[in-house]
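Following: one structure in structure tokens, then a few remarks.
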Amino acid sequence: MENFLVPNENKLREAIPDRQVRVWGIDLGTSNSAISEILWQPGNDSPPQCKCLELSQSAYEKTIRKILVPSFVASLLSGETIVGEGASQISTLINDSTFEPGRNLFSETKNDMGLKKTYYKAGEDFNAAWKIAGHILKFLKQAAEDSTGAKPDRIVISVPASFQLSQRRDTLRAVRMAGLEIKDFDLIDEPTAALLDYLSTRHSKSTFTQGISNNVLVFDFGGGTCDISIVRA
């Protein structure tokens with residue numbers, strides 16, 4: 001009888017692709033957002049390559065490349081949507097009556113995820129926090145494709161460990177709006193994501209005691225939320 005509690009070695013071997021695997025991890029942040037890339041070559045003894053991607057962002061008639069993308073969205077009269085550095089710079093034009101927060105300029109809307117709050121002055125595509133998140137996710141995906149010239153095999157998105165069901169549901173709505181495809185368990189708690197990054201980049205076998213369970217306490221001092229995860233590794 002097959003033991004379903006123990007992975008079947010043959011099935012695991014069959015599931016491993018025979019080509020390079022590309023995975024993107026998106027941090028949809030309160031103040032800034034970012035996207036990382038992991039490249040893994042099955043059958044290669046080398047550890048997966050992990051890095052944060054520099055993304056091109058329009059800003060005042062020029063283009064800049066940065067890892068951090070300000071979580072700002074601006075809707076122009078022309079119908080164009082600006083995300084990132086350009087929208088952040090627009091927010092500094094305090095004497096420009098063309099833009100008004102909550103109408104066509106948005107920032108730190110992650111704090112409104114999961115709430116019934118609407119931006120009543122905004123157009124249909126911008127009147128809720130999850131829609132603003134959708135614009136940010138769409139930009140990140142497109143900018144990453146432009147930067148790498150490739151499409152990912154899988155995308156995961158980090159959320160605060162303290163996010164409740166309604167906030168996670170709004171995140172999934174933003175994912176669908178952005179045209180992203182994610183699978184079950186592809187919303188990962190931010191402190192846990194930090195631990196996985198630590199393990200993948202340090203490559204140290206002495207970090208934990210081998211052969212026994214290790215309890216790990218991870219603090220996430222975020223810009224909008226501070227979370228804690230307790231992970232048994």
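Read-outs throughout are calculated quantities, based only on the coordinates presented, and are distinct from any laboratory measurement. Small disclaimer: the values here were computed from a predicted structure and weren't measured. As a convention, Cβ positions derive from the backbone with ideal geometry for all residues, glycine included, and neighbour counts pool all protein chains shown.
Please compute the net charge surrounding Ser229, taking Lys and Arg as +1 and Asp and Glu as -1 over other residues with Cβ under 10 Å from its Cβ.
Local net charge: -4.
Given a Förster distance of 35 angstrom, what is the FRET efficiency for Leu77 paired with Asp197, based on the Cβ-Cβ distance and rounded to 0.05?
Details: r = 41 Å, r/R0 = 1.17.
For Leu77 and Asp197, the calculated efficiency is 0.30.
On C-alpha positions alone, give me the angle between the axis of helix 165-177 and the longest principal axis of the chain, in degrees, nearest 10.
The two axes meet at around 80 degrees.
Specify whether the C-alpha gyration tensor of segment 109-211 places it in the rounded, prolate or oblate class, a ≥ b ≥ c being the square roots of the eigenvalues: rounded for a/c under 1.5, otherwise prolate if a/b is larger than b/c and oblate if not. Walk me through the intermediate numbers first.
Numbers: a/c = 2.90, a/b = 1.64, b/c = 1.77.
Verdict is oblate for segment 109-211.
Cross-link partners among lysines for Lys138, C-alpha distance below 23 Å, same-chain residues fewer than 8 apart left out?
Counting by Cα, and skipping residues close in sequence, Lys138 has these lysines nearby: Lys51, Lys62, Lys66, Lys110, Lys116, Lys117, Lys121, Lys151, Lys183.
Sort Cys50, Cys226 by Cβ crowding within 10 Å, fewest neighbours at the top. Write down the numbers at each step before the final one.
Numbers: Cys50 16, Cys226 13.
By the 10 Å Cβ count, ascending, the order reads Cys226, Cys50.
Match the structure shown to one of the listed values (1) 148; (2) 160; (3) 120 of volume of the Cα convex hull per residue in Å³, computed from it, and give that label.
(2)
Enter the angle in degrees (range 0 to 90, nearest 10) between the Cα long axis of helix 129-148 and the first principal axis of the Cα atoms of the chain, meaning the one along which they spread out most.
The angle comes out near 70 degrees.
What angle do you read, to the nearest 10 degrees and between 0 and 90, between the alpha-carbon axis of helix 190-202 and the longest principal axis of the chain?
60 degrees
Say we join alpha carbon atoms closer than 10 Å with springs in a Gaussian network model of the chain; which of Gly211, Gly29, Gly43 then has the biggest fluctuation?
Of Gly211, Gly29, Gly43, the most mobile in the Gaussian network model is Gly211.
If I stretch the segment between Tyr60 and Asp153 completely, what's the gain in nm (0.36 nm per residue apart, minus their alpha carbon distance), one decimal?
Numbers: separation 93, 0.36 × 93 = 33.48 nm, distance 3.39 nm.
So the chain would gain 30.1 nm between Tyr60 and Asp153.
If I model a spin label as a point 7 Å beyond the Cα along the Cα-Cβ vector, how far apart are those points for Glu108 and Ile67 in nm?
With each label placed 7 Å out from Cα toward Cβ, I get 2.4 nm.
Of the listed peptides 100-109, 162-171, 180-189, what is their order by residue-averaged count of other C-beta atoms within 10 Å, with the highest listed first?
Details: 100-109: 17.9, 162-171: 16.3, 180-189: 13.4.
Ranking the peptides 100-109, 162-171, 180-189 by packing returns 100-109, 162-171, 180-189.
Subtracting the Cα-Cα distance from 0.36 nm times the residue separation, let me have the gained length for Asp18 to Phe185 in nm, one decimal.
Working: separation 167, 0.36 × 167 = 60.12 nm, distance 2.37 nm.
Here the segment from Asp18 to Phe185 would lengthen by 57.8 nm.
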